[in-house]
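The structure appears below as structure tokens.
The values are calculated or read from the model by the stated rules, or taken from the named source; none is laboratory data. If you're wondering where the values come from, they're calculated on a predicted model, not measured in any experiment. For neighbour counting, all protein chains shown are included, and Cβ atoms are generated from backbone atoms with ideal geometry for every residue, glycine included.
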Amino acid sequence: MKEVINERITTEKNNRSEERAALFDIEDIGKKESCSKDECADTDVSRSEEKRARKLNVAVDEVIKSFAPPDNLTVTEWAEKKRRLSAESAAEPGPWRTSRTPYLKEPMDAFTDPAVRHIVMVAASQVGKSEFINNAIGYIIDEDPGSILFVHPTTIDAKEYSKLRIAPMIRDCPTLRKKVSDPKSRDTGNTILQKTYPGGILTMCGSTEAHALASKPIRYVFGDERDRWALSAGNEGDPWDLAMARQTTFYNAKAVEVSTPTIKNASAIEAAFSTGTMERWKSQCPNCGEYHEIRWADIRYESAEKIAAGKKTYTVTDIYYVCPGCGSVSSEAEMKKQPARWEAQNPEAYKTGTRSFWLNAFVSSWASWESIIRKFLNAYGSTKKMQVVYNTCFGELWEDRGEIEDEDSLMARREEYTAELPEGVLVLTCGVDTQDNRLEYEVVGHGHFGETWGIRKGIIMGRPDEEATWAALDNVIDHIYRFEDEKGLRISMTFVDEGGHFTQDVRLQCRARVSKKVFCIKGMYGPDKPFTAPPKQQKIVINQRAVGTCWQYQIGVDSGKQIIMDNLRVQTPGSKYCHFPKTDEYGTAYFKGLLSEHLVYRANKKQPWVWEKIPGHERNEPLDCRNYAMAAFKALPVNLDEIDRHLKAARNESLPPSISVKALNSHKSTSRKKGSAANKYYDNW
Ligand SMILES: [Zn+2]
């Protein structure tokens with residue numbers, strides 16, 4: 001029914017004069033009636049008739065006003081006139097000023113262009129892409145109402161967006177506040193995920209909710225963070241296609257999809273972008289006058305690394321943009337003042353009704369180049385973090401750069417350790433993989449900044465339910481590993497896999513060794529599982545009888561594999577580098593096992609990124625052992641600085657200056673903004 005009304009309104013849009021005429025008709029009737037009464041000279045009756053007519057006119061006027069056709073404003077004009085940015089989501093609350101985000105003018109105006117049905121925006125965070133959506137929604141409610149379907153990756157995202165962005169926008173814009181009923185009053189049709197206004201309903205949902213996506217017809221469809229959507233809404237198919245199918249009955253439908261980009265060739269927003277006009281925001285070079293997009297590749301800087309309290313920090317100086325046309329150098333302040341414009345690579349697509357825009361963070365008023373460079377430096381060495389920087393800061397697709405070395409080149413980089421423990425090792429952990437006929441283990445040394453050393457790798461033949469097997473493992477765990485100067489370290493923590501056929505035996509043996517910090521672990525799969533979590537108590541059941549409990553750590557093995565592969569990519573000794581000794585244990589079989597799995601993209605799976613065994617690399621125990629040893633280190637609360645100082649004191653070496661960790665922490669906490677959920681959106685602005 002709402003859609004029907006709305007259809008009528010939009011057809012009435014160009015017939016305002018007819019509406020006015022209708023209004024006059026009613027007035028005329030009133031007058032005529034009062035005249036005829038006048039003839040009867042009954043003034044009381046005529047006055048009451050007049051009153052009735054006036055009342056009727058007011059009522060009719062109200063109805064027409066509430067369905068008033070648009071004032072022919074563009075979204076930009078509407079925002080300039082009526083939008084107020086809310087304190088909880090905007091860096092600069094107050095009236096909307098398009099001059100702060102000049103690049104949003106064109107996309108916003110495209111929304112009111114009758115020739116455009118589909119708008120795609122690929123954007124870094126902190127450029128205001130959400131405000132583009134908010135302004136369009138505000139405009140719809142206020143100027144050209146119709147029902148809106150607003151899809152987010154998950155229902156939680158939808159709720160958060162509604163609470164932190166939509167509700168404050170309605171509250172702070174008087175014209176919207178008048179139209180959307182108060183959520184506090186009952187039966188208003190206004191809930192977190194649904195807002196009712198004259199002429200339409202705004203429905204927000206997650207991309208997995210097929211029923212919401214495939215029911216009633218909808219004139220406006222918005223999709224936020226498209227690249228994080230489910231690949232299928234239940235078994236019903238691509239959520240975007242489902243949502244779009246609801247628009248077919250509207251000649252004046254609009255669809256808007258927005259996202260930060262993700263991985264090249266696996267990005268939905270990248271695919272959508274290439275169906276449109278493919279416009280990029282280009283700034284004019286002050287020297288040669290050419291227009292170029294400011295890209296990461298054209299930014300130059302100097303940086304210096306500082307280490308304090310075990311943390312690396314960077315100072316960044318001499319930041320410049322180098323024009324790819326003439327090679328001249330300009331500062332950030334200069335470039336942000338330069339004239340800029342959208343340039344389409346595929347202007348023909350305008351005819352098919354799709355305009356697509358691509359924006360990176362180098363033009364943002366809220367993200368300084370220095371802050372972006374610092375994020376880049378901090379992410380160095382971690383594929384996962386680097387991908388986030390590429391996607392959210394540079395606004396670029398991520399391509400997995402640099403393959404992991406093959407086993408031959410890892411073999412070739414083995415080193416002669418001068419002792420059992422090379423300098424740099426501060427903590428030892430051990431990872432044990434359990435097989436039906438043996439235990440495999442690796443002892444790993446850990447230093448500052450994630451640098452690691454393979455110390456000892458071995459196989460203990462024997463079943464996990466035999467005492468002798470564990471006695472042999474004790475020899476590994478109890479051993480004191482020594483540096484060249486005879487100072488030694490013990491293993492601080494050992495993780496033993498309880499998976500397989502001997503779970504209860506492993507639990508029993510681990511409980512007996514709890515004083516040596518030997519714990520059983522359960523491997524959890526999936527990219528969303530954290531590498532380590534606090535331990536849980538588990539029952540030990542032998543011959544169907546509970547004989548006690550033990551502590552079990554659940555570890556996210558996929559996260560661990562990602563860390564190991566990232567570290568193996570590092571080429572120079574230092575942060576995150578993996579050292580291996582030139583011993584027989586660390587031979588071809590070891591490296592083949594360490595590199596036995598790789599991350600592959602399986603588009604038809606719910607979690608499309610999966611670790612798979614590489615053909616010809618059937619034995620993966622070395623990777624598992626390394627994974628468990630890394631998890632043991634992660635789970636171990638250690639202060640490496642403290643250990644370093646102790647070790648140096650034991651050797652009578654000069655102590656490094658003691659750094660107040662407390663002072664550093666307090667500095668960190670003051671610089672952080674409060675309110676974690678709100679903060680997330682603030683950061684993503
Ligand atoms: Zn130039």
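Brief remarks on what is shown
- Flag if Gly146 is part of a loop (DSSP other than H, G, I, E, B), assigned by TED's automatic domain parsing to the domain that holds Val122 and modelled with pLDDT of 90 or more: yes
- Verdict on Pro530 being without any contact (Cβ under 8 Å) to a residue 24 or more places away in the chain and over 26 Å from Glu466 (Cα atoms): no
- Evaluation of Ala603 against the conditions (1) among the aliphatic types (A, V, I, L, M); (2) in contact with an Asp or Glu (Cβ under 7 Å, 6 or more places away or on another chain); (3) modelled with pLDDT under 85; (4) not in a strand (DSSP E or B) shows that the sole unmet condition is (2).
- In region 304-335, residue modelled with the highest pLDDT [restricted to those that are within 16 Å of the ligand (Cβ to nearest atom) and out of contact with any strand residue (DSSP E or B) (no Cβ under 7 Å at 6 or more places or on another chain)]: Glu334
- Test: residue in region 246-259 that is farther than 21 Å from Met121 by Cβ, modelled with pLDDT of 85 or more and of a type in the set (A, V, I, L, M, F, W, C): yes
- Hits in region 274-293 (condition: within 16 Å of the ligand (Cβ to nearest atom) and basic (Lys, Arg)): Lys282
- Against the conditions (1) farther than 28 Å from Ser267 by Cβ; (2) crowded, with 16+ Cβ neighbours inside 10 Å, Gly353 satisfies every one except (1).
- Residue match in region 194-208 (condition: in the same structural domain as Asp113 (by TED's automatic domain parsing), touching a Lys or Arg at 6+ places or on another chain (Cβ under 9 Å), in a helix (DSSP H, G or I) and of a type in the set (Phe, Trp, Tyr)): no
- Scanning region 373-394 for any residue that is more than 16 Å from the ligand (Cβ to nearest atom), over 17 Å from the mean Cα position of the chain (by Cα), part of a loop (DSSP other than H, G, I, E, B) and at pLDDT below 95 turns up at least one such residue.
- Residue among Ser382, Ser371, Ser356, Ser330 that alone is in the same structural domain as Thr262 (by TED's automatic domain parsing) and in contact with a Pro (Cβ under 6 Å, 6 or more places away or on another chain): Ser330
- In region 233-264, residue farthest from the ligand (Cβ to nearest atom) [restricted to those that are in a loop (DSSP other than H, G, I, E, B), touching a residue at least 60 places away in the same chain (Cβ under 8 Å) and over 24 Å from Ala110 (Cα atoms)]: Thr262
- Out of Val444, Val388, Val432, sole residue that is touching a Gly at 6+ places or on another chain (Cβ under 8 Å) and among the β-branched types (Val, Ile, Thr): Val444
- When Ile455, Ile459 are checked against the criterion of being surrounded by fewer than 20 Cβ atoms within 10 Å (Cβ to Cβ) and touching a strand residue (DSSP E or B) at 6+ places or on another chain (Cβ under 7 Å), Ile459 stands alone in meeting it.
- Per-region count, region 210-232, residues over 20 Å from the mean Cα position of the chain (by Cα), without any contact (Cβ under 8 Å) to a residue 60 or more places away in the chain and either outside the structural domain of Ile263 (by TED's automatic domain parsing) or surrounded by 16 or more Cβ atoms within 10 Å (Cβ to Cβ) (or both): 2
- Among residues of region 89-108, those that are at pLDDT 90 or above, part of a loop (DSSP other than H, G, I, E, B) and under 25 Å from the mean Cα position of the chain (by Cα), counted: 1
- The lone exception for Ala297 - which of (1) among the aliphatic types (A, V, I, L, M); (2) closer than 30 Å to Ile643 by Cα; (3) within 16 Å of the ligand (Cβ to nearest atom) it fails: (2)
- Spans of strands (runs of 3 or more DSSP E) in region 503-581 with at least 2 residues among the polar types (S, T, N, Q): 536-542, 545-556
- Pairs where the first residue, in region 321-344, is surrounded by fewer than 16 Cβ atoms within 10 Å (Cβ to Cβ) and the second is among the charged types (D, E, K, R) and in a helix (DSSP H, G or I), C-beta under 7 Å, 6+ apart: Val322/Asp298; Pro324/Asp298
Each row is one residue, and each column tells you yes or no for (1) over 22 Å from Val570 (Cβ atoms); (2) part of a helix (DSSP H, G or I); (3) modelled with pLDDT under 95; (4) not assigned by TED's automatic domain parsing to the domain that holds His617.
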residue: Thr418; (1), (2), (3), (4): yes, no, yes, no
residue: Gly424; (1), (2), (3), (4): no, no, yes, no
residue: Val432; (1), (2), (3), (4): yes, no, no, no
residue: Glu440; (1), (2), (3), (4): yes, no, no, no
residue: Val444; (1), (2), (3), (4): no, no, no, no
residue: Gly454; (1), (2), (3), (4): no, no, no, no
residue: Ala468; (1), (2), (3), (4): yes, yes, no, no
residue: Ala472; (1), (2), (3), (4): yes, yes, no, no
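- The condition of being under 26 Å from Asn252 (Cβ atoms), in contact with a Lys or Arg (Cβ under 7 Å, 6 or more places away or on another chain) and of a type in the set (A, V, I, L, M) holds for Val116.
- Sole exception among (1) within 16 Å of the ligand (Cβ to nearest atom); (2) exposed (fewer than 14 other Cβ atoms within 10 Å of the Cβ); (3) within 24 Å of the chain's Cα centre (by Cα) for Ala271, by number: (1)
- Looking only at region 492-507, residues that are hydrophobic (A, V, I, L, M, F, W, C) and modelled with pLDDT under 95 come to 1 in all.
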